[in-house]
Amino acid sequence: MDDNQMKGKIYVLAIGIEKYDVSVKKNPLPGCKKDVTDFCDYLKERFGEASLKITQLLDEQATRAHIIAAFLEKKKDEAGKDIDCIANAGEDDAFIFYYSGHGSEEKAPPEFRMANGKNETLLCYDSRMKGQYDLADKELNYLLSTVTQKVKYSVAVVDSCHSDSVMRNEGDMHKKHNPSEGNAIRPFSTYLPEVIAHYQNSDDLPGTHFITLSACSNAESAYCTSNGGHFTQNLLKVLKENPAKVPSYDELIYQIKARIGNARIPQHPQLGCWGEVNPHWEFLTRKIAQQQRMPVIFWEKDQAAWFVQAGAFHGYRLENLNAQKIPIYPKGKEDGEAAFYATIKELGVDKSKLEFEGRPPHMHEDVLLAGISRPAFRVKFVDPDDFIQKQLSSSAYNFINDPYAPISLQLVDGSYRIYRKGKKWQLVHGIPATDEEAAIYILNHIQDMADWHFAMELGSPLNSNIEEEKICFQLVCKAARRLYATGDTQHYELDFHGSEVPFELEFENKNPELHLHYALLHLDNKYNIDVWNEGGQTSFQGGSTISEEGEFFISEIDEMEVQDDFLLIVSRQALQAGSFKRLPFPDGKWGRIFDPSQVDRGARKGNEMRTRNLEQNWLVKRIRVTSLRKFR
């Protein structure tokens, strides 16, 4: 699996700002420079200094001009040869962006067409000096894209307020927020020229493929002490807990969230996946990590309740969980006696509320895991070898060996191959190896395919406390014909004549007093689940309407019929958008991906949650478009 190993350098831009220019009317932030030092020390310990090229910008070094130059300035020596710098990074290299400091918001000019009228920003050292500005989210995305289009993989770690969209009160705690001054709208002409051109001319920005780890949501504050930011320090604690087992990005973010929540700190770390990246990769590699066998539980301060990272999206159903006594274990002690017991009080989409029997966990409790297994998924295993058998016995997966299952895993010519049942067995994906790492890789892909199936089966609960008729979801496309509706699904048909077809998805919240959170998902015919509003707007007020644009197209390898499903998930609680994303085949590594069979096509009503005694605070709307290839 050489493709997962680093061959080049890891370029790091690490920014820490404690003391701002005197024009920034805010107390200094303690711990930001310590965050930078600690984070870079971790990288040196893990990868070795020879593999790293670290650029640090601290306090007065971190001006707006210096940050931009660190991304864009190509350096050469006297002989005209390239000097080792971020702008000269290549395809074998990796890039890590780290920021610890103030985050803010600013009024966005109308050219950006922002639904909430705001940009999220990072404060540079000189941002509030006359004639200077913050680094807006759109500018940061452009700067990141200039590097991410060239390198093997990229990661952005942002420890600031509002950090989810940009990708610290002393009583010991400081808030990493500094509001913009006055009500003036920043002039459109003051943004980076490339950003202006993008919004004026609809020019495409360079390809962006990176993962973001953010200290909090775009509406929250991040907190720190003199010992550093709570987000950064807990991230490092999780990573150093077991250096031999590097967690995946999604497992890492939930463990950080659990630690911060258990300490009753009111911020919710976020995971973002942009482009062709996979949340199941190990932190700072492209290696697929073995998935966590038990879901994490965590405290939500704004809800004053404990939650488990398990919901209807993951295939859990109330009829399986209702009244079930769930053992709770400290991480690392899963094989011992349970420390607590709990039951599911409320099934959510991406997380579920717990109710404890007897004493609940205390503040600063260790990371806790819930003893509930993954929902079972049927797979036909043909002569599984010892490596596959070992992984299946580890309890990381819950697959049932069924000869009539729609998916089959086979060992063929020294390779693991996944096939999908249709009129005949069709090759979906595979890997040219049969060892332990390859076994983990292929079983994780099957688990993601299982999640795709669970999402295809997802329907609204009958006992939702959101009025379904007040959430409107529709497709606007002149070329599409609306056929009929079944349950929560609207069915459309579209004829293709070899050209791309533009469309819009519109949804409206007709509950005038109800502020809702949402995730807009696209499930394609290759088992991918993409989050369209990831890194952008994730909530909408009562009476508001939101529109997302897209294009239908059919590639040369697609069959005569292609199906696209769009899921609008609406909830009273904040949703972890990154946790919905699934890219089972992100790099087309080996084998050909074929269109899944007709098993989940046609008129089908989503499975409903029929247990009525537990109120649920979410619902789902679905649009299904069947595209038919036509020839002139």
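Observations, loosely collected:
- Violating pairs (Cα-Cα greater than 31 angstrom) within the set LYS150/LYS390; LYS345/LYS421; LYS9/LYS34; LYS150/LYS301: LYS150/LYS390; LYS345/LYS421; LYS150/LYS301
- By accessible area with a 1.4 Å probe, ligands and nucleic acids excluded, highest first: order of LEU411, LEU58: LEU411, LEU58
- Within the accessible area of the stretch 244-341, the carbon and sulfur atoms contribute 44%, probe 1.4 Å, all protein chains present.
- Accessible area per residue in Å² at 1.4 Å probe, computed on the stretch 394-507: 41 Å²
- Look at the dipole of the stretch 278-374 built from charges on Cβ: of ASN278, GLY315, ILE344, the Cα furthest out on the positive end belongs to ASN278.
- Peptide packing: for 272-281, 328-337, 191-200, the average count of neighbouring Cβ atoms within 10 Å per residue gives the ranking 272-281, 191-200, 328-337, highest mean first.
- Beta bridges per DSSP with both ends in the stretch 6-92, % antiparallel, nearest 5: 10 percent
- Positive-end residue, the stretch 377-495 charge dipole about Cα centroid, Cβ charges, pick of ILE388, ILE400, CYS477: CYS477
- Summarising the strand pairing of the stretch 351-471, around 65 percent of its internal DSSP beta bridges are antiparallel.
- Calculated FRET value between ASN201 and VAL382, using beta carbons and R₀ = 60 Å, to 0.05: 0.65
- Label point at TRP425 placed 7 Å out along Cα→Cβ; residues across the stretch 383-407 whose backbone nitrogen lies under 13 Å: 383-384, 402-407
- Ordering of 62-72, 76-86, 230-240, 149-159 by packing [mean C-beta count within 10 Å, highest first]: 149-159, 230-240, 62-72, 76-86
- Volume per residue that the Cα convex hull of the stretch 199-307 spans, once the total is divided by residue count, Å³: 143 Å³
- Efficiency of FRET from Cβ geometry, GLU436 and ASP302, R₀ 56 Å, rounded to 0.05: 0.85
The values are calculated or read from the model by the stated rules, or taken from the named source; none is laboratory data. These figures come from a predicted structure and were not determined experimentally. Please note: Cβ atoms are built from the backbone with ideal geometry, for glycine as well, and neighbour counts cover all protein chains shown. Surface accessibility is based on the protein's heavy atoms, side chains included, excluding ligands, DNA and RNA. Shrake-Rupley method; radii C 1.70, N 1.55, O 1.52, S 1.80 Å.
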